[in-house]
1. Which condition breaks for residue 683 when tested against (1) within 16 Å of ligand 2 (Cβ to nearest atom); (2) surrounded by fewer than 18 Cβ atoms within 10 Å (Cβ to Cβ)?
2. Select from the stretch 596-636 the residues that are more than 16 Å from ligand 2 (Cβ to nearest atom) and in a strand (DSSP E or B) and write down the one among them that is farthest from the chain's Cα centre (by Cα).
3. Which condition from (1) out of contact with any strand residue (DSSP E or B) (no Cβ under 6 Å at 6 or more places or on another chain); (2) surrounded by 15 or more Cβ atoms within 10 Å (Cβ to Cβ) is the one that residue 721 breaks?
4. Please find, among 233, 244, the residue that is within 31 Å of the chain's Cα centre (by Cα) and on the phi > 0 side of the Ramachandran plot.
5. Among the residues of the stretch 193-220, which ones are assigned to a loop (DSSP other than H, G, I, E, B) and free of Cβ contacts under 8 Å to residues at least 40 places away in the same chain?
6. Checking residue 688 against (1) more than 16 Å from ligand 1 (Cβ to nearest atom); (2) modelled with pLDDT of 95 or more; (3) under 29 Å from the mean Cα position of the chain (by Cα); (4) not in a loop (DSSP other than H, G, I, E, B), which single condition isn't satisfied?
Ligand code: GLN
Ligand code: ZN
């Protein structure tokens, strides 16, 4: 049985690419040094896959920042603003990814968006009327040659033209139809090059096919590929899909001249049904995504083998594959030295997934596989008892009543009470929570982790950071303060580490965007809060100031969405368990005198089902209640905030309002402000703080810029309802740019207040 990988993590076993890139950004290493690190990583990853016997090993899945940005460059579609800086190729690329401020000019980064239902982010292509799409790069061809030089014959992977066109923003009067021919021609040119190189298979990723598509969309997809595939020559073309099923286009897809079709059998609820209804063409290879590319649990060989055998009813030519790129799981379990065996035996990260593929390809071809050693060892894990239950927590969730999700006093009435108590005046300024994670802040945590300093010393240092942070905010003149989150490595991992039922890893990093990686904790058993988690820090911070200091928590949906979830109970069950734990924390903060409590739901939208018909019935029906469960027990005078990264919740504005928070802040500077129209149209009740500047970039925004954003916001939002804040936490920023940016923010607020 042949096997295929859709993509492999690229940052490296020890995040080598991240560290090298960051050094490069700080101008500490040369382009050549960065390229050397990248090349070594590619080599290592190819060799690894080759020794696991993977038949179709991907190349060009590597990226210095993002694969869609790579395609944008490859298609000559990088906006002129970046090209005109006159930087070299690498720096032009990074300017588009991160923004640029320096001698050559001042440009913002391209917008960044979440990649389907993952926590990976892509850079949004922008197409202008004068954009001329044509093949203009060398990356996929060069990487193929590079692999060939070490005797690895790869399958180049490129995001397909349809997904590119659908994800692009159209900045002029031209629309998608105006670019389709150019894109088709560019992909034909790409195939020509692969033909010259003698490439056997190429993979075009078209994940957009798993989203709701109109008939016009499907027609456009079909006409694009009819053109492209007419020129494929000797190269075999794999159409790769993932993150769901392709119910809107399956019939058209199987009629096109692809040589292979990659389908997701894990997230694709209707994939099997599609095969059942429409069959699978005998002249094509079925790339069956049967091994989880998104979660870290071992595959159950019995289930996988039965699934693959069942697929034999539809095709005689099956390649087993992961459900999506392994980009979304950590590199290897070998990095984990402190996970006990009774825990780690359940897991398979990227490298271990390769081993599973290897074993499965051998087992599937063997008669009597059920007696084989590898099979038996695997099945032992699934038959053994696992101690992880907490009966009390289960009972608490089971006995939740309607009243547990409702605050006694309605929001409109709470508002008057809170205004009276907090006395903030119009247009209060605040931040989202974290302050820059300086070297000292990070060292404090790592020293404590290594046992170099005691808990008491650690806490003393944290107090020092909190004091600095409060002093700085007082000096800047912000109205509602934060403690700065210097005790947190990550907003989810921190809570995971403090909740029973979680296990956490040392080096299980997953790329979130560019050089940013996150280390999602793993929900291993039932969740319970054993002790107060944040009260100590918040109480201390509040003791230093007369201004309100926000208590800062992460909400249950975000904790869940940024963790690796269990596969044996429902998401709803997990969300309510976490909701109960956060509720206890909220009540303790209130008890300790904290007047404003922010419960971040940064990732609320992330796992919104890709298919609209499932939004209400399979997600929002438990996600919104899980949030309400956290704060329904507080007194009316306690103000509850929430924060969401990315403002694109136009379509669920009513649900967001229904979270019943008093204030919400959200990202708004990198995406269009259409959200504000949606808020107005829906008579949004929650007070809002649309972020006035982008914290994902080191660029310092001027006060004038922020004044303009605020003026615009005030045309749609009542001044009584508006807050002023950056669009996310400041942890990834440097101190200097943070001070300057916040000083400008406060100045902008004053200018606006004076004008009112
Ligand atoms: N309070 C968190 C912080 O400021 C929120 C981060 C986020 O939304 N991603 O870091
Ligand atoms: Zn955010």
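1. Residue 683 satisfies all of (1) within 16 Å of ligand 2 (Cβ to nearest atom); (2) surrounded by fewer than 18 Cβ atoms within 10 Å (Cβ to Cβ) except (1).
2. 596
3. Condition not satisfied by residue 721: (1).
4. Answer to the check: 244.
5. Within the stretch 193-220, the first condition is being assigned to a loop (DSSP other than H, G, I, E, B), and the residues that meet it are 198-200, 206, 211-214.
If the condition is that a residue be assigned to a loop (DSSP other than H, G, I, E, B) and free of Cβ contacts under 8 Å to residues at least 40 places away in the same chain, then 198, 213, 214 are the ones that fit.
6. Checking residue 688 against (1) more than 16 Å from ligand 1 (Cβ to nearest atom); (2) modelled with pLDDT of 95 or more; (3) under 29 Å from the mean Cα position of the chain (by Cα); (4) not in a loop (DSSP other than H, G, I, E, B), the one that fails is (1).
The rows are residues; the columns are (1) under 29 Å from the mean Cα position of the chain (by Cα); (2) without any contact (Cβ under 8 Å) to a residue 40 or more places away in the chain.
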| residue | (1), (2) |
| --- | --- |
| 160 | yes, no |
| 176 | yes, no |
| 191 | no, no |
| 222 | no, yes |
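Matching residues to (1) closer than 26 Å to residue 370 by Cβ; (2) surrounded by 22 or more Cβ atoms within 10 Å (Cβ to Cβ):
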{"position": "269", "(1), (2)": "no, no"}
{"position": "312", "(1), (2)": "yes, no"}
{"position": "315", "(1), (2)": "yes, no"}
{"position": "326", "(1), (2)": "no, yes"}
{"position": "342", "(1), (2)": "yes, no"}
{"position": "346", "(1), (2)": "yes, no"}
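The values are calculated or read from the model by the stated rules, or taken from the named source; none is laboratory data. Remember, it's a predicted structure, so these values are computed and weren't measured experimentally. Please note: Cβ atoms are built from the backbone with ideal geometry, for glycine as well, and neighbour counts cover all protein chains shown.
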